[in-house]
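Structure in structure tokens, see below.
We did not get these values from a lab; they are worked out from the coordinates using the rules stated. In this text, all values refer to a predicted model and were calculated from it rather than measured experimentally. Cβ sites come from the backbone with ideal geometry, for glycine too, and all protein chains shown count toward neighbours.
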């Protein structure tokens, strides 16, 4: 496994070591000990989630509040997404900054997102299966979010406006500066 750091503190892009032969491929998608040794981060996951979406679907930007915050390890099982995170940690040097990366079934990259980040993704392929591990249990009453197209964040979602598919809930989330 290769860890690729990025400008947002505590966020890691993970490139797996894929072993290929005539039968196909194999790779270890997560090893808690190896992850800790390479990143210095402790990660103990308690919940796995999976979604299936069509082209143009944008999910996010979501988080869990306070003691219910979740660190996540996300990846794409089929298709391609533009994964988007925004640092919501007020004491962070990168507070309010965003990071985007294309995750797909071909590159098999995973993104580790620490607690305190808002997270979302846009489906760039016909369909996509998205999988993520969480280190804390989901609680509906702890849901928080920010408007995906906040002009102050300036995120390019890679989908033209008329092809974007969002829930009413996501369309009515507050702007980042108001939270």
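Over the chain, what is the mean sequence separation of C-alpha contacts under 8 Å (at least six apart), divided by residue count, expressed as relative contact order in percent?
Here the relative contact order equals 28 percent.
Would you mind putting 80-89, 44-53, 23-32 in packing order, based on average other-beta-carbon counts within 10 Å, highest first?
80-89, 44-53, 23-32
Now a separate question. Please list the radius of gyration and Dmax for the chain, considering alpha-carbon atoms only, with Å as the unit.
16.0, 54
Quick one: plug the Kirkwood hydrodynamic radius of segment 82-179 (C-alpha pairs) into Stokes-Einstein at 25 °C, 0.890 mPa s, and report D in µm²/s.
The diffusion coefficient I find is 165 µm²/s.
So what is the 222 nm mean residue ellipticity for the chain from helices alone, if each DSSP H run of at least 4 adds -39500 (n - 2.57) and you divide by all residues, rounding to the nearest 500 deg cm²/dmol?
Value at 222 nm, helices only: -1500 deg cm²/dmol.
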